[in-house]
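Input: a single structure, listed below in structure tokens.
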Amino acid sequence: MNSVSRCAGIVFICIISNVSTAYALEMPKLFGDSSSTSNVTQDCPVVFIDNGASMIRMPQDADASSVRYQLSIDQTARECLIEGENVSIKLGIEGGVVLGPAGAPGSFTATIAVSLRRLKDYSLVSSKSYQVSASVSPGGTRGDYRLLADPISVPLVSKRAHEDYEIIVGFSQGGSASPAKPIGKKKKSQPEG
């Protein structure tokens, strides 16, 4: 059973589901205080974390005692501005890396894909990959990263962008680490209306 709950905010809409998860961040904290908020709309596309792509564990097939590190997407936020006949979407992602039992402090990187999909026919309108990096200091077990994706500008089909588009984010396969010491499928998600 796919239960979905919705919560509305001043500049964002948050959907939490057992298949995909979207969390709300404080917009001013992530995007900075906008001097012009008159064009900001609450009708922003929903962010879905691609099924199975919310985290990356290395090595991928390791049992719990052999995990070196795990990168995860913890929160997403978006802000939409109406610019004439277009909507400009800003997207932010926060997450982190946690060392596993076989891990060592260092710098860890992975690739996150950000896609915008048209709901009418589920075609991809835009897709771009970003490199994220988090560092764990000696003696530490966790490091954080923050990604502010390039703004995406698309035509407004209806008066509500969340009825026209959805945002899909997730880790691409693989990841890489620069340790301090050397050591050895997607589901279609539709918001319920």
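Since every read-out is calculated from the coordinates, none of them should be taken as a lab result. In this text the structure is predicted, and so the values were computed from the model without any measurement. Glycine gets a Cβ as well: all are built from the backbone with ideal geometry, and neighbour counts include every protein chain shown.
So which trypsin sites (Lys or Arg not before Pro) in segment 103-149 pass both tests, a DSSP loop state and at most 14 other Cβ atoms within 10 Å of the Cβ? Passing both the DSSP loop test and the Cβ count: K120. Taking amide H atoms as placed 1.01 Å from N in the peptide plane, the amide H of V125 lies under 5 Å from those of L116, R117, R118, each 5 or more residues away in sequence or on another chain. Residues whose amide H comes within less than 5 Å of that of G96, counting only those at least five positions distant or on another chain, are S72, D74, Y145 (H built at 1.01 Å from N in the peptide plane).
Pairwise Cα distances in segment 57-131 exceed 17 Å for 61 percent of all pairs. When you count the other C-beta atoms within 10 angstrom of each residue and take the mean per peptide, 39-46, 67-74 line up highest first as 67-74, 39-46. Amide H contacts for V67 (H built 1.01 Å from N in the peptide plane; partners 5 or more residues away or on another chain; cut-off under 5 Å): A102.
Loop-located GluC sites (Glu not before Pro) across segment 34-114 with a Cβ neighbour count of 14 or fewer within 10 Å are E85, with loop assigned by DSSP.
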